[in-house]
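Asker: The structure under discussion is supplied below as structure tokens; questions concerning it will follow.
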Number of protein chains: 2
Amino acid sequence: MANSWATYGVDLHLEPTGPGVRRGLTDALREAVRTGRLAPGTRLPSSRSLAADLGLARNTVAEAYADLVAEGWLTARQGSGTRVAAGAGSTPDGQRGSAAPPPAGAAPPRRERPGPVHDLLPGTPDLASFPRAAWLRAARRALAAAPHGALGYGDPRGRAELRTVLAGHLARVRGVRTDPERVLVCAGFVHGLRILGAALRARGVRTVAVESYGLDIHWRLLTEAGLRVRPLPFDELGTDTGALGDADAVLLTPAHQFPMGVPLHPGRRAAVVDWARRTGGLVLEDDYDGQFRYDRQPIGALQGLDPDRVVYLGTASKSLAPGLRLAWMALPPAFAEEAAVAKGGTETCGVLDQLTLAEFMASGAHDRHVRACRLRYRRRRDALVAALAARAPAVHATGIAAGLHAVLRLPPGTEQSVVRAASWQGLALWGLSRFRHPDAVTDPLDALVVGYGTPPDHAWPGALDALCRVLP
Amino acid sequence: MANSWATYGVDLHLEPTGPGVRRGLTDALREAVRTGRLAPGTRLPSSRSLAADLGLARNTVAEAYADLVAEGWLTARQGSGTRVAAGAGSTPDGQRGSAAPPPAGAAPPRRERPGPVHDLLPGTPDLASFPRAAWLRAARRALAAAPHGALGYGDPRGRAELRTVLAGHLARVRGVRTDPERVLVCAGFVHGLRILGAALRARGVRTVAVESYGLDIHWRLLTEAGLRVRPLPFDELGTDTGALGDADAVLLTPAHQFPMGVPLHPGRRAAVVDWARRTGGLVLEDDYDGQFRYDRQPIGALQGLDPDRVVYLGTASKSLAPGLRLAWMALPPAFAEEAAVAKGGTETCGVLDQLTLAEFMASGAHDRHVRACRLRYRRRRDALVAALAARAPAVHATGIAAGLHAVLRLPPGTEQSVVRAASWQGLALWGLSRFRHPDAVTDPLDALVVGYGTPPDHAWPGALDALCRVLP
């Protein structure tokens, strides 16, 4: 490609249009920084000038810059333009507590690099609230009680102790109906979805319906498993489960749509279960933050309506910490073995953390921790709503009855400029558009997805203030 | 299939000949026990009568029975024949410390079920020697030192702290030349090999040479990745690396051939590196127990000869415990990113165990633990050799300079009868034939692969005595 970027050695192989352009540009720039072809401190051309060079919309370039600022590869400061961040690049990384830029193809790195001053990206709980002391106590008790054999290769489905505790815990807090034989432990939700993608493919599934809004990485995983992914319409009642058509399976966030924040309408809950019974379809229920509901009783898991047709997926990533890399499924009897086989016939999750989580749950420490987190996040949500009412009356918060994030509806046409302004202010913030499936028929909305659960307590007021400053 | 087994509901779809027969029979019987079609206590027909029913060699049936006795699904006692073990089957499994039979397709379950009285299966260290107290101390220090960000989604390559410590540790104890940027943490060797299989396939590799003796699961993983697997000849100098032919990569155990126990001959070490340089091939070095060498200086890693052409793979499964599910690779620079991408772009290993292992190594606790284990295993090896000399002079122990297992050469034609006798005595024991690649051109040898590292200290003398009783 002949343009001024060749002088930087940046190799931009881009399709000129379509939803892949922004990702392609972001990936190419990230790669150039990572490998050192763009050295730390290098000033990048303005988004206007690069857009002209590449024949792209200026917004596309600005969004790619904003993404990379949010990820910590670039810095943007008023007056000095957009630059490659100090500390980015290919220098060896040997210091405790530091983290090297990840390899190409990796999930966006976050929160461990020279990065934004304020972080309101959704998807991570307040890591400072991880109950370190209680966790260590549980680890000590669990290791003392474990038979020697527990340290061996073990059951590929996960430790029986954890599967047993989970079956009881999920029944109590989420209304899940299962037994330990049908629980499968996995190394995070993404690992679980990878297992399910392979198992679905192996049983001949072709099309998986997904929601109009969600996480790109989930859609990509299903596609990589050889499945066709088709988004369902979304409206004020949530995802339209009447439009499943020829899908063989559907991936849903029924308790708290991610990221829109609404629960699936009761009629549509019933409809999707009816569909599954009628057609033999499978429902994959992503219950990522079902325990964090503030204003009314938790909405039970969809799985409770039909354990034979719904795969329930839960995770410790929101209630405890992503770094544990522990998630779990409750599987329909007819699908449990296929999923275990797709897991690969060997355990891949460390047994010590599994035993510790079992002990942590059985001892009541997990319930106490969740209660404390629920109180913390609820207070933050209330502070967010109050700050918006006082300082940004044009902005309307939705999806706030539950979870660790809110959707802030913006005046039409303002999302990109707000995200851009945030990146200039050192505030990591994502617009709703990055969560919209490229084939969604739903009208695009201007909004922000604000992860109010993300900052540690001491940083929350500053992050909220920074947010209010960039809102219209 | 019309035979008396239909009355048990056991569905035996077997090819009548070929190396898959025994596995097919074993799988079908295991499945029948697991699902309850064969109830606990059921007496199975004699191997002679079942062999006649199925039109198989009697040995094939006897070996399948012996495998399932070793795995704990069946019991065999003189006078009462072969029966389905009490506790096997599909009853829910809720008690701490117990373990349900694993799903179909799983690796053979071991050591946690109503099983053999004595266990000399190779592949697992003495789990009773896991340094629980020292590990917990390291966990406490590691968690106290970890920044909050360490509990997030993290670097898909693994924690920088662990990669940094590993690079130094491997240089010191194994002569590995690498840096933290090229270390990839994975959830056990099998996970690592799965990653490498995908990465090799993605770069166009077609054929991977393997050793004539090894683990079936490794060959299967490579085959499932779409690679052709071809065994190399084996002789008194070890694996013949002069016969690599058109292979694009080769999987080797250079320091201590598994299971034969010999080191790769120096000329052949040089030859394989020459081959890799000449052809652009890659060497995958499985260094599973390189630190346990007794009679001379450790043999350094092959990787040290050419870090650009050798992928080094190490594991905590032998030096600490398989349950940690931690292993690592040191990758050639040109292959490091491809492998990280093949890992899937998200971390799958819990960060707490990663940080703990880093602290455990950095503090010197790991070195102390390995020294203690080396002494323990060496004593056992000496006891084994002495017992053989005194009680089974027809049996010759080989491959005993290192590792946690020995190969006992038997008089020709006796392997199957010894393994069978062992299973009747409640001694779990594997013959060498189960480690021989079905396409190996090497002449079959009668031998046992004795995992003398497996039992806890208190059970070792009894296991050794049981072994001597079944030897010719």
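Asker: crowded, with 23+ Cβ neighbours inside 10 Å, outside the structural domain of residue B:74 (by TED's automatic domain parsing) and part of a loop (DSSP other than H, G, I, E, B): which single residue out of B:404, B:408 fits that description?
Answerer: B:404
Asker: Do the conditions hold for residue B:220, that is, is it closer than 18 Å to residue B:331 by Cα, surrounded by fewer than 18 Cβ atoms within 10 Å (Cβ to Cβ) and not assigned by TED's automatic domain parsing to the domain that holds residue B:433?
Answerer: no
Asker: In the list B:263, B:254, which residue meets the criterion of being modelled with pLDDT of 95 or more, closer than 22 Å to residue B:442 by Cα, assigned to a loop (DSSP other than H, G, I, E, B) and not charged (D, E, K, R)?
Answerer: That would be B:254, the only listed residue that is modelled with pLDDT of 95 or more, closer than 22 Å to residue B:442 by Cα, assigned to a loop (DSSP other than H, G, I, E, B) and not charged (D, E, K, R).
Asker: Also, quick follow-up: Can you give me the number of residues within the stretch A:283-318 that are polar (S, T, N, Q) and either open to solvent by 10 Å² or more (accessible area, probe 1.4 Å) or closer than 15 Å to residue A:257 by Cα (or both)?
Answerer: Qualifying residue count, the stretch A:283-318: 3.
Asker: Only one residue in B:244, B:232 is more than 14 Å from every other protein chain (Cβ to nearest Cβ), open to solvent by less than 10 Å² (accessible area, probe 1.4 Å) and without any contact (Cβ under 8 Å) to a residue 24 or more places away in the chain, so which one is that?
Answerer: It is B:232.
Asker: Another one. Can you tell me how many residues in the stretch A:187-206 are out of contact with any Pro (no Cβ under 8 Å at 6 or more places or on another chain), open to solvent by less than 10 Å² (accessible area, probe 1.4 Å) and not in a helix (DSSP H, G or I)?
Answerer: Going through the stretch A:187-206 one residue at a time, the tally reaches 1.
Asker: Right, here's the next one. List the pairs whose first member sits in the stretch A:114-138 and is under 27 Å from residue A:360 (Cβ atoms), whose second member is among the acidic types (Asp, Glu) and not in a helix (DSSP H, G or I), and whose Cβ atoms are under 9 Å apart, counting only residues at least 6 apart or on separate chains?
Answerer: The qualifying pairs are A:125/A:289.
Asker: Just checking, which of A:148, A:191, A:169 is at the interface with chain B (Cβ under 9 Å from one of its Cβ atoms) and within 27 Å of the chain's Cα centre (by Cα)?
Answerer: A:191
Asker: So which of B:460, B:424 ends up being out of contact with any Gly (no Cβ under 8 Å at 6 or more places or on another chain), modelled with pLDDT under 95 and among the hydrophobic types (A, V, I, L, M, F, W, C)?
Answerer: None of the others qualify; the one that does is B:424.
Asker: What do you reckon, is residue A:156 open to solvent by 40 Å² or more (accessible area, probe 1.4 Å), touching a residue at least 24 places away in the same chain (Cβ under 8 Å) and either of a type in the set (Val, Ile, Thr) or not in a helix (DSSP H, G or I) (or both)?
Answerer: No, not satisfied.
Asker: Working only within the stretch A:124-145, note down all residues that are at the interface with chain B (Cβ under 8 Å from one of its Cβ atoms) and either under 26 Å from the mean Cα position of the chain (by Cα) or not in a helix (DSSP H, G or I) (or both).
Answerer: A:124, A:127, A:128, A:130, A:132, A:135
Asker: Go through the residues of the stretch B:451-460 one by one and say whether even a single one is open to solvent by 20 Å² or more (accessible area, probe 1.4 Å), under 22 Å from residue B:21 (Cβ atoms) and among the small types (Gly, Ala, Ser).
Answerer: no
Asker: Could you please find all residues in the stretch A:212-229 being among the β-branched types (Val, Ile, Thr) and more than 14 Å from chain B (Cβ to nearest Cβ)?
Answerer: A:229
Asker: Take the stretch B:374-430 and flag every residue that is of a type in the set (Ser, Thr, Tyr) and either in contact (Cβ under 8 Å) with a residue 60 or more places away in the chain or more than 25 Å from residue B:214 (Cβ to Cβ) (or both).
Answerer: Listed by number, the residues that qualify are B:377, B:398, B:423.
Asker: Only residues that are in a loop (DSSP other than H, G, I, E, B) and of a type in the set (A, V, I, L, M): list them for the stretch A:266-300, please.
Answerer: A:299
Asker: In the stretch B:30-80, what count of residues is obtained for those that are within 23 Å of the chain's Cα centre (by Cα) and farther than 22 Å from residue B:117 by Cα?
Answerer: So the count comes out to 2.
Asker: Now a separate question. So, in the stretch A:170-180, of the ones that are buried (at least 20 other Cβ atoms within 10 Å of the Cβ) and at pLDDT 95 or above, which residue ends up nearest to residue A:343 (Cα to Cα)?
Answerer: A:180
Asker: Can you pull out the residues in the stretch B:426-457 that are part of a strand (DSSP E or B), under 14 Å from the mean Cα position of the chain (by Cα) and of a type in the set (A, V, I, L, M)?
Answerer: B:449, B:450, listed by residue number.
Asker: Could you check, for the stretch B:415-425, whether at least one of its residues is among the hydrophobic types (A, V, I, L, M, F, W, C), in a loop (DSSP other than H, G, I, E, B), open to solvent by less than 40 Å² (accessible area, probe 1.4 Å) and not assigned by TED's automatic domain parsing to the domain that holds residue B:229?
Answerer: The answer is no; no qualifying residue exists.
Asker: Listed residues B:315, B:279, B:356; which is over 30 Å from residue A:220 (Cα atoms), of a type outside the set (Lys, Arg) and away from chain A (no Cβ under 14 Å)?
Answerer: B:279
Asker: Answer yes or no: is there a residue in the stretch B:233-240 that is in a loop (DSSP other than H, G, I, E, B) and among the acidic types (Asp, Glu).
Answerer: There is at least one residue in the stretch B:233-240 that is in a loop (DSSP other than H, G, I, E, B) and among the acidic types (Asp, Glu).
Asker: Separate question: Any residue at all in the stretch B:345-364 that is hydrophobic (A, V, I, L, M, F, W, C), open to solvent by 20 Å² or more (accessible area, probe 1.4 Å), touching a residue at least 24 places away in the same chain (Cβ under 8 Å) and within 30 Å of residue A:139 (Cβ to Cβ)?
Answerer: Within the stretch B:345-364, one or more residues are hydrophobic (A, V, I, L, M, F, W, C), open to solvent by 20 Å² or more (accessible area, probe 1.4 Å), touching a residue at least 24 places away in the same chain (Cβ under 8 Å) and within 30 Å of residue A:139 (Cβ to Cβ).
Asker: On the basis of being assigned to a helix (DSSP H, G or I) and away from chain A (no Cβ under 11 Å), does residue B:303 make the cut?
Answerer: Yes, satisfied.
Asker: For residues that are more than 10 Å from chain A (Cβ to nearest Cβ) and open to solvent by less than 10 Å² (accessible area, probe 1.4 Å), scanning just the stretch B:320-334, find the one that is farthest from residue B:301 (Cα to Cα).
Answerer: Restricting to residues being more than 10 Å from chain A (Cβ to nearest Cβ) and open to solvent by less than 10 Å² (accessible area, probe 1.4 Å), the top hit is B:327.
The values are calculated or read from the model by the stated rules, or taken from the named source; none is laboratory data. Just so it is clear, the structure is predicted and the values come from calculations on it, not from any experiment. FYI the Cβ positions are ideal-geometry reconstructions off the backbone, even for glycines, and counts take in every protein chain you see. In case anyone asks, the SASA skips ligands and DNA or RNA and just uses the protein heavy atoms, side chains included. Shrake-Rupley method; radii C 1.70, N 1.55, O 1.52, S 1.80 Å.
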